[in-house]
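Notes follow once the structure below has been shown.
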Amino acid sequence: MRTLYVITHPEATHHVEGVVGGWHDSQLTPAGIRAAVSIAQALRAQIPHGTEVELHSSDLRRTLRTADEVAELFGVKPILDHRLREKSYGEAGGKPQEWLDRRFVPPPAVGERMDHDEGVEGAETKATWAKRIYAAMDEILQSPCEQQIIVTHGGSLTCVVASWIKMPIESAGYASFRAPSGSITTLREDDFFHNRQVVSLGDTHHLDSAQAG
């Protein structure tokens, strides 16, 4: 039985500074680091000792720092993959959120949404974003390892889950799977029917201890 634990990195500097994330290489805040420790501990409590585990991560600093906490508890080395990054917002990355808000062109309610131009120079379309994450997921799932951990970003979680349930990319224009920062989403495929289940989406119970600290 294959289980994927998909982590959305916890609080990073771009969250508290009010700037656009995307490919802007922000770092975890002190609160984010405490949350990353809690994430690692929660996973260690769920996955039996002695079980083979693979750890895949976006290569940005905020996800890599989160993955490092997991890697330490599991004794594994993270496999870095730039395809697991957040959506690129082009020239808006690292600029004040209000700068992007003034220029952003939302997708139409009806019509072309995947290749929609959001009006920001260098920004990825949803189609480009989804294709790279789908490709990363296809490669991750070629491994026979049955316990896999993926560290990614809040926006990119939508593409990870859509890929997991085999939603065609052309049908993903309206898809949105929302999860808080620092959450764990659990995905499972059974060995008999090979059905793919979303066991939990965006669970944050493990963060209670981090917030208390």
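The values are calculated or read from the model by the stated rules, or taken from the named source; none is laboratory data. Quick caveat: nothing in here was measured; it's all calculated off a predicted structure. Here the Cβ is made from the backbone with ideal geometry for all residues, glycine too, and neighbour counts use every protein chain on show. Protein only, heavy atoms only, side chains kept; ligands, DNA and RNA dropped before computing areas. Shrake-Rupley method; radii C 1.70, N 1.55, O 1.52, S 1.80 Å.
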Notebook entry, point to check: Relative contact order for region 170-212: what is it in percent, counting Cα pairs under 8 Å that are at least 6 residues apart?
Noted result: 36
Note to self: Probe radius 1.4 Å, ligands and nucleic acids left out: which of Trp99, Trp23, Trp164 has the largest accessible area, and how do the rest follow?
What the structure shows: Trp23, Trp99, Trp164
Margin query: Please list, ordered by chain and number, the residues whose modelled amide H lies under 5 Å from the amide H of Gly119; skip anything fewer than 5 residues away on the same chain.
Written below: Val105
Notebook entry, point to check: In the full protein assembly as shown, how much of Glu139 is accessible to a 1.4 Å probe, in Å² to the nearest 10?
Noted result: 110
Notebook entry, point to check: Which net charge results for the neighbourhood of Pro96, defined as the other residues with beta-carbon distances under 10 angstrom from its beta-carbon, given Lys and Arg at +1 and Asp and Glu at -1?
Noted result: -1
Next item on the list: Could you work out how far apart the two model spin labels at Asp138 and Lys77 are, taking each label as a point 7 Å from the Cα in the direction of the beta carbon, and quote it in nm?
Entry: 2.7
Checklist line | region 103-168: trypsin sites (Lys or Arg not before Pro) in DSSP loop, at most 12 other beta carbons within 10 Å | finding: Lys166
Next item on the list: Considering Cα pairs under 8 angstrom that are at least six residues apart, work out the relative contact order of region 1-83 and quote it in whole percent.
Entry: 30
Next item on the list: Using just the helices of the chain, give the 222 nm mean residue ellipticity in deg cm²/dmol: DSSP H runs with n ≥ 4 each add -39,500 (n - 2.57), and the total is spread over all residues, rounded to 500.
Entry: -10000 deg cm²/dmol
Notebook entry, point to check: Normalised by the number of residues in the chain, what is the relative contact order in percent for Cα pairs under 8 Å and 6+ residues apart?
Noted result: 31
Next item on the list: Please check which bits of region 1-29 a label hung off Asp203 would reach, taking the label as a point 7 Å along Cα-to-C-beta and the cut-off as backbone N under 20 Å.
Entry: 1-11
Next item on the list: Could you check the simple spin-label distance between Glu189 and Arg61, using points 7 Å along Cα→Cβ, in nm with one decimal?
Entry: 3.6
Item checked: Sequence-distant aspartates and glutamates (8 or more away, or on other chains) whose Cα lies within less than 19 Å of Lys77 -> Glu52, Glu54, Asp59, Asp68, Glu69, Glu139, Glu146
Check: In terms of Cα to Cα distance under 13 Å, which aspartates and glutamates are near enough to Lys126, apart from those fewer than 8 places away along the same chain?
Finding: Glu86, Glu112, Asp115, Asp117, Glu118, Glu170
Item checked: Prolate/oblate/rounded label for region 105-180 (Cα gyration tensor, a/c 1.5) -> prolate
